[in-house]
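Notes for the one structure printed next.
The values are calculated or read from the model by the stated rules, or taken from the named source; none is laboratory data. These numbers were taken from a predicted model, which means no experiment stands behind them. Neighbour counts are summed over all protein chains in view; Cβ atoms, including those assigned to glycine, are modelled from backbone coordinates with ideal geometry.
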Amino acid sequence: MSRWKTAIGLALTGVMLFPVYWMINVSFTRDTDMRKSPPYWFPVHGTLEGYRAVLDQQLPYLGTSLVIGLGTVALTVALAAPAAYSLAKLRPRGGGALGFVLLIAQMIPGIIMAMGFYAIFLSTGFLNSVLGLIVADSTLAVPFAVLVFTAFMSGIPEELLQAARVDGAGVARTFWSVVLPVSRNSVITVSLFAFLWAWSDFIFASTLDQGGEREPITLGIYRYIGNNNQQWNAIMATAVIASIPATILLIIAQRYVAAGVTAGAVKD
Amino acid sequence: MSTPTRARTGGGTAVDRNGAALPPVRGRGIRRRGRPGQWAAWAFLAPVVVYLLVFYAYPLYRNIDLSVRHYTVRSFVHGGAPFTGLDNYRTVFADPTFGPALWHTVVFTVVSLAFQFAIGLALAMFFTQHFRLSATLRALFLVPWLLPLIVSSSTWSWMLNSESGVVNAFLGLFGAGQVNWLTSPDWSLWSVTIANIWIGIPFNLVVLYSGLQAISPQIYEAAQLDGAGAWQRFWKVTFPLLRPVSAITLLLGLVYTLKVFDIIWIMTRGGPSGSSTTFATWSYRLGFANLLPSFGPAAAVGNLLIVMALVFGLVYIRAQRRQGLS
């Protein structure tokens, strides 16, 4: 009985992941076979043309995305962790209202934020800059990060903080030497998601970085689709490489991912 | 006030511990510390508050301002756009795109939500049963949700290609003719909806799965002892107990789906001839994709989107509160 369920599970997963398989298959397909009907279901005449094109043309984009991703992670954690500590343990008056604002903030459509940022960046000269994109991308993650950190830090036993206080640590010291190390897991969860969202961002990149010198990989792929409609193996090869962070995340950090998905949604 | 508290204590077992630890802390804070504690608390909060004001409140304000003035490219840069009240909104309502875009937004959202939720719930029920590899397979189901949207959208674009797409090749095995998924006005909206459902299933699966995990097995045992069949157990036990989790899943799904822009823009750019245009892509086209950007109407459409999301958010909060009272 259990074996049957495993078989059904495998089949369902196969159907679900077929597009991912197809992306990989196409990335290895020769140009000449690209329009073949019916297509090869496996990369029988596998080629690395696509990947060679990626190495030639897309490396700078990947580098930019990496910088933007890491910058977004740093900014997000630096902003969200102290705030969450305050909300969870210091109980500021009006903190509840702030939590509500953060919840609402997540509802604002990206296009609205993009338009607002466009106006601000235009007058301050931050258009087409990596720093500007880091700031814009961080808005995808900060509200989520505060909520996740707060949920986690609320669970830190009060005795632990009291012990630190007895030892003479102030509020800031307690945060840095006790709360932050204990919250390592939630820092990882938040960092992973912040990186992934910044890495995947398309709307801010396409509005705030049109024609900049350093563009992220999402724009690299988008231009690829626009420019050379024929070279789908190169497009899919770029897509495969752009999926690497997500894959790493899933392999090494699966439990953090599941924690992140449910943290915002499921209560008690 | 009930919502933020819930959000703050969203961490599972942490809730109970925290809930138990809460009263003495507050008491001590008032007695011993009073004001200085408040200062420290707000000092830690200050960066995020400033951040929210500068990077959320100001863009939002800018957007409202954009929607009530007549902006040209020149006045967008140099300022001094004349105030025109609700003119931009009137323009938007009178635009022939408005009706279809509203309809597409509703269809896209409702169909996406219905299928994501139904499939996600079915899969979650399936995965609660114990079998080999179940944890691994469940993790693999997350892949579509984690991929950058541009990756999944371009993959779907190629799969749905009329002449060389694998979907048509597969349908061809059963003798179906060529379907112009992305280039026919009859199919484009369905194509982007299908891609969006695929992307949304993992989220529904994970959240509903953890919701199912929280239902005590003893309740099922009791129901079984009372002679309830599998079907009855689902409708009389699982479904009602899962209602709070379902509600938040649907609300978050709704908010996400209303915002969806990347998928549609990358796959069809809202076309052909506007047949897959939603509010999100329409707003983008007005503001960024035309040679002469019309920022005012673009902002107006964006604000309508916010209003839609807010209305549903408030409906949810009201429903929650009513449930809390009864």
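Determine the pairs where a residue that is within 18 Å of A:GLY132 (Cβ to Cβ), located within segment B:42-53, has a partner that is in a helix (DSSP H, G or I) with Cβ atoms under 6 Å apart, the partner being 6 or more residues away or on another chain.
Pairs that qualify, where the first residue is within 18 Å of A:GLY132 (Cβ to Cβ) and the partner is in a helix (DSSP H, G or I), are B:TYR51/A:LEU79.
May I ask you to list the residues in segment A:173-208 that are aliphatic (A, V, I, L, M) and either free of Cβ contacts under 8 Å to residues at least 12 places away in the same chain or more than 18 Å from A:VAL135 (Cβ to Cβ) (or both)?
Looking only at segment A:173-208, we keep the residues that are aliphatic (A, V, I, L, M), and these are A:178-180, A:182, A:187-188, A:190, A:192, A:194, A:196, A:198, A:203, A:205, A:208.
A:VAL178, A:VAL179, A:LEU180, A:VAL182, A:VAL187, A:ILE188, A:LEU192, listed by residue number.
Among the listed residues A:VAL20, A:VAL26, identify the single one that is hydrophobic (A, V, I, L, M, F, W, C), within 31 Å of the chain's Cα centre (by Cα), surrounded by 13 or more Cβ atoms within 10 Å (Cβ to Cβ) and modelled with pLDDT under 90.
A:VAL26 is the lone residue from the list that is hydrophobic (A, V, I, L, M, F, W, C), within 31 Å of the chain's Cα centre (by Cα), surrounded by 13 or more Cβ atoms within 10 Å (Cβ to Cβ) and modelled with pLDDT under 90.
From B:VAL301, B:VAL260, B:VAL255, B:VAL307, which residue is within 12 Å of chain A (Cβ to nearest Cβ) and free of Cβ contacts under 8 Å to residues at least 40 places away in the same chain?
Being within 12 Å of chain A (Cβ to nearest Cβ) and free of Cβ contacts under 8 Å to residues at least 40 places away in the same chain holds for just one of B:VAL301, B:VAL260, B:VAL255, B:VAL307, which is B:VAL307.
Sort out which residues of segment B:198-227 are buried (at least 20 other Cβ atoms within 10 Å of the Cβ) and aliphatic (A, V, I, L, M), and write them in order of number.
If the condition is that a residue be buried (at least 20 other Cβ atoms within 10 Å of the Cβ) and aliphatic (A, V, I, L, M), then B:ILE199, B:ILE201, B:LEU205, B:VAL206, B:VAL207, B:LEU208 are the ones that fit.
Of all the residues that make up segment B:68-91, how many are in contact (Cβ under 8 Å) with a residue 12 or more places away in the chain and either facing chain A (nearest Cβ under 8 Å) or among the hydroxyl-bearing types (Ser, Thr, Tyr) (or both)?
Residues of segment B:68-91 that are in contact (Cβ under 8 Å) with a residue 12 or more places away in the chain, as a first pass: B:68-71, B:73, B:76, B:81-89, B:91.
Add one more test, that the residue is either facing chain A (nearest Cβ under 8 Å) or among the hydroxyl-bearing types (Ser, Thr, Tyr) (or both), and what stays is B:71, B:76, B:84, B:89, B:91.
Total meeting the criteria: 5.
When segment A:1-55 is examined, which residues are found to be within 12 Å of another protein chain (Cβ to nearest Cβ), outside any helix (DSSP H, G or I), farther than 18 Å from B:TRP156 by Cα and of a type in the set (S, T, N, Q)?
Within segment A:1-55, none qualify.
Tell me, which residue of segment B:289-307 that is buried (at least 19 other Cβ atoms within 10 Å of the Cβ) and of a type in the set (A, V, I, L, M, F, W, C) is farthest from B:TRP190 (Cα to Cα)?
It comes out as B:PHE295.
Which of the numbered conditions does A:VAL15 fail, given that it passes all the others? Conditions: (1) surrounded by 14 or more Cβ atoms within 10 Å (Cβ to Cβ); (2) closer than 27 Å to B:LEU149 by Cβ; (3) β-branched (Val, Ile, Thr).
If we test A:VAL15 against (1) surrounded by 14 or more Cβ atoms within 10 Å (Cβ to Cβ); (2) closer than 27 Å to B:LEU149 by Cβ; (3) β-branched (Val, Ile, Thr), just (1) comes out false.
Is it true that B:ALA247 is within 29 Å of B:LEU147 (Cα to Cα) and at the interface with chain A (Cβ under 9 Å from one of its Cβ atoms)?
no
Considering only residues that are surrounded by fewer than 19 Cβ atoms within 10 Å (Cβ to Cβ) and over 16 Å from B:ALA114 (Cα atoms), which ones fall in segment B:239-273?
Once the filter is applied, which keeps residues that are surrounded by fewer than 19 Cβ atoms within 10 Å (Cβ to Cβ) and over 16 Å from B:ALA114 (Cα atoms), segment B:239-273 yields B:PRO240, B:LEU241, B:PRO244, B:ARG269, B:GLY271, B:PRO272, B:SER273.
Restricting the first residue to segment A:89-105 and requiring it to be in contact (Cβ under 8 Å) with a residue 40 or more places away in the chain and within 24 Å of A:PRO157 (Cβ to Cβ), which pairs with a second residue that is in a helix (DSSP H, G or I) and acidic (Asp, Glu) meet a Cβ separation below 9 Å and a spacing of at least six or different chains?
Close Cβ pairs (under 9 Å, with a partner that is in a helix (DSSP H, G or I) and acidic (Asp, Glu)) amount to A:LYS89/A:GLU158.
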